[in-house]
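The values are calculated or read from the model by the stated rules, or taken from the named source; none is laboratory data. Just so it is clear, the model here is predicted, and its values are computed rather than measured. We place every Cβ from the backbone using ideal geometry, glycine too, and count neighbours over all the protein chains shown.
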Amino acid sequence: MKLKLNVAYLYLVPSSFFFFLFLLYPIFYTFYLSFFNWNGISPTMHYVGLGNYMELLEDPTFMLSLRNTIIWTILAIIVPVSLGLLLASLIDSLSKGKSAFLSLLAIPCVLSLVAVGLIWQFIYDPIFGFLNLFLKLIGLGHLAQAWLGNPSLALYAVFIAASWQYTPYCMLLFYAGLQGIPRELYEAASIDGATGLKRYFYITLPLLKKISTIVILITIIGSLRVFDAVYVMTMGGPGEASEVVALYLYKLAFKTYRMGYAAAMAVFLFILILVVAFIYIRVFWGGRKEVE
């Protein structure tokens, strides 16, 4: 029996090796690199201690990117999650055609991000874009503008495009959760005289608590490290109006070659995500015992 167990452990060696090589090692090396000033090319690295972390507190671009990331996260919790729940509830209430509606509405979340970015760049185009043409058609031409070129609106314009792709993902998760609710509960509530809204608020929403927690947690983690949508559509512009932490980190590391400073920012983002996720789970799942 002991020999069989030892042989079984051998099968874990390849996966454990790759897990350490591509996940654990980069994490530990990033922590190590954050204490140095290095351009990624030079064979020598200069130890600066906590200098990179202290610089974060004095970097206005970082503070702006952190602010934009927090705004993005708050909006992501409100808009795509709420719309996903609403769409899932509407589809679940249909008597027929559920599969067709799910398939149609889920199309955006299976498209590549580059395709989504190009679609919405065309929609926002100040001259030929659908949005400005539509505004002119309904007599609101004075609202037409360069949506991605306006510093006050660029971040929100990109967020809308990203939400268009992410909302169907939330919808599918909520719809899966709705399928796990016993229909007998609704029938019993109907017999007791409960209306549709009462059934929704006293049966549906409470029983969707766990799936809602998971959806919101995934949304928070994804929003705090948002990169791709902003990179494809604005590159953080105009100026730094739509800059987010992950994109600013990328620019520092691969455009200005400040690897140590970028590593410190990555560590900060990593710790921020861990702390926010831990607090969220403790608050909404009531601790480890309930999660298990």
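The table that follows gives values for the structure above.
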| read-out | value |
| --- | --- |
| Single match in Gly141, Gly180, Gly193, Gly117 (criterion: under 22 Å from Ala241 (Cβ atoms) and out of contact with any Cys (no Cβ under 8 Å at 6 or more places or on another chain)) | Gly117 |
| Test: Ala253 is out of contact with any Phe, Trp or Tyr (no Cβ under 8 Å at 6 or more places or on another chain), of a type in the set (Gly, Ala, Ser), surrounded by 15 or more Cβ atoms within 10 Å (Cβ to Cβ) and closer than 21 Å to Tyr32 by Cβ | yes |
| Residues being in a loop (DSSP other than H, G, I, E, B) and either farther than 25 Å from Ile71 by Cβ or modelled with pLDDT of 95 or more (or both) - total across segment 133-145 | 3 |
| Hits in segment 114-132 (condition: surrounded by 16 or more Cβ atoms within 10 Å (Cβ to Cβ) and either of a type outside the set (Val, Ile, Thr) or not in a helix (DSSP H, G or I) (or both)) | Gly117, Trp120, Gln121, Tyr124, Asp125, Gly129, Leu131, Asn132 |
| Residues of segment 231-250 that turn out to be crowded, with 23+ Cβ neighbours inside 10 Å, out of contact with any Leu (no Cβ under 6 Å at 6 or more places or on another chain) and hydroxyl-bearing (Ser, Thr, Tyr), as a count | 1 |
| Segment 220-236, residues that are more than 16 Å from Leu274 (Cβ to Cβ), part of a helix (DSSP H, G or I) and among the hydroxyl-bearing types (Ser, Thr, Tyr) | Tyr231 |
| Within segment 146-195, tally of residues that are in a helix (DSSP H, G or I) and either at pLDDT 95 or above or surrounded by 12 or more Cβ atoms within 10 Å (Cβ to Cβ) (or both) | 32 |
| Scan of segment 32-86 for residues that are assigned to a loop (DSSP other than H, G, I, E, B) and either in contact (Cβ under 8 Å) with a residue 24 or more places away in the chain or of a type in the set (A, V, I, L, M, F, W, C) (or both), ordered by number | Ser34, Phe35, Trp38, Asn39, Gly40, Ile41, Met45, Val48, Leu50 |
| Considering residues of segment 146-180 that are of a type in the set (Phe, Trp, Tyr) and closer than 16 Å to Ala106 by Cβ only, the residue farthest from the chain's Cα centre (by Cα) | Tyr175 |
